[in-house]
Amino acid sequence: MSEPLAKEPRPVDVRLGSATNAVRPILAAERSLGAGRAQWIALLAVAGAAFVADQVTKQVVTRTLAVGETVDIVGPFSLHHVQNSGIAFGLFASRTTIVIAVTAVAVAWMVWFFARTARRHPVLPVALGFVLGGSIANLADRVRLGHVTDFLDLEAWPAFNLADTFIVVGVAVLFGTLVLADRPQQLHGRRGDSPFHSR
C-alpha cells in the first residue's frame, strides 16, 4: 500500500478582520490608515466649530471694544482689543504676506497628512480639527483684513485669540497622541529583542 501524501503546511495569515464577504481575511499590509468618510466628517465638524467660535468672539470684541481698550476680568486676565498682523502671540508682525503663505502651506500639509493617516488614532480628527479650524480662521482674517483680532490678555503673555488657543491645544493633543500611540509598538519591539523573550 502506498503511503498517503503529506499535507503541505498552510501559510500563516495575520488577521486583522475580514473582507466584506466575511471569507477572505484582511492582511496587515492591506489595512489602510487613510481617512474614511467618518474621519472626514469628524474633522470638518471640529474644524467648523472652531472656526465659527473664533469668528463670533472676534466680532463681539470688535463691536464692543475699541482698539487698545481693556476690560479687567479677574486677576491678571483681561480683555484687550489688539490688531495683530503676525502669527500667534504677535510673532512676525508686519510680515503679513509671508505669514499668509506659511499658513496656507501648513493648512495644505495638515489636510495631506490627515488624508493619509487619519485612522492611526481615533483622537486624530479632533486634534487636527482644532489646529485646522484655528489656522483657517486666522488665515481668513489676514487675507480679508490684513490682521487678526487678539483680545485674551494675561499680562505676562502677548494677547491672543480663540483660534490661537485651538491651535496650541490641538498641537499638544496631536503630539501627545502620536507619541503614546507609538510607545506600545516600541515596547513590544524591545521585548521581542530580549534574550529572555520566549519564541
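Every number in this text was worked out from the coordinates using simple rules, so none of it is lab data. A quick note: this is a predicted structure, and the numbers were derived from the prediction, not measured. Cβ coordinates were reconstructed from backbone atoms using ideal geometry, including for glycine residues, and neighbour counts include every protein chain displayed.
What to note about this one:
- Summarising the amide proton neighbourhood of LEU65: residues at separation of 5 or more, or on other chains, whose placed amide H is nearer than 5 Å comprise an empty set.
- Label-reachable residues, the range 61-76, where backbone N falls under 15 Å from a point 7 Å from VAL168's Cα toward its Cβ: 76
- For PRO76, neighbours were defined as the other residues whose beta-carbon sits under 15 Å from its Cβ, and their charges (Lys and Arg +1, Asp and Glu -1) total -3.
- Calculated FRET value between GLU69 and ALA106, using beta carbons and R₀ = 30 Å, to 0.05: 0.40
- Mean Cβ count within 10 Å, highest first, over the residues of peptides 135-144, 64-73: 135-144, 64-73
- Take the convex hull of the alpha carbons in the range 33-192; its mean projected area over all directions comes to 11.4 nm².
- Order of PHE113, PHE130 - criterion: other Cβ atoms within 10 Å of each residue's Cβ, fewest first: PHE113, PHE130
- Arranged from fewest to most other beta-carbon atoms within 10 Å of their beta carbon, HIS81, HIS147 become HIS147, HIS81.
- The range 59-71 - phi-based ³J(HN,Hα) in whole Hz, Karplus 6.51/-1.76/1.60, Gly and Pro as x: 5, 4, 5, 4, 7, 9, 10, 6, 4, x, 6, 10, 10
- Listed by Cβ neighbour count within 10 Å, with the fewest neighbours leading, LEU162, LEU128, LEU44, LEU152 appear as LEU44, LEU152, LEU162, LEU128.
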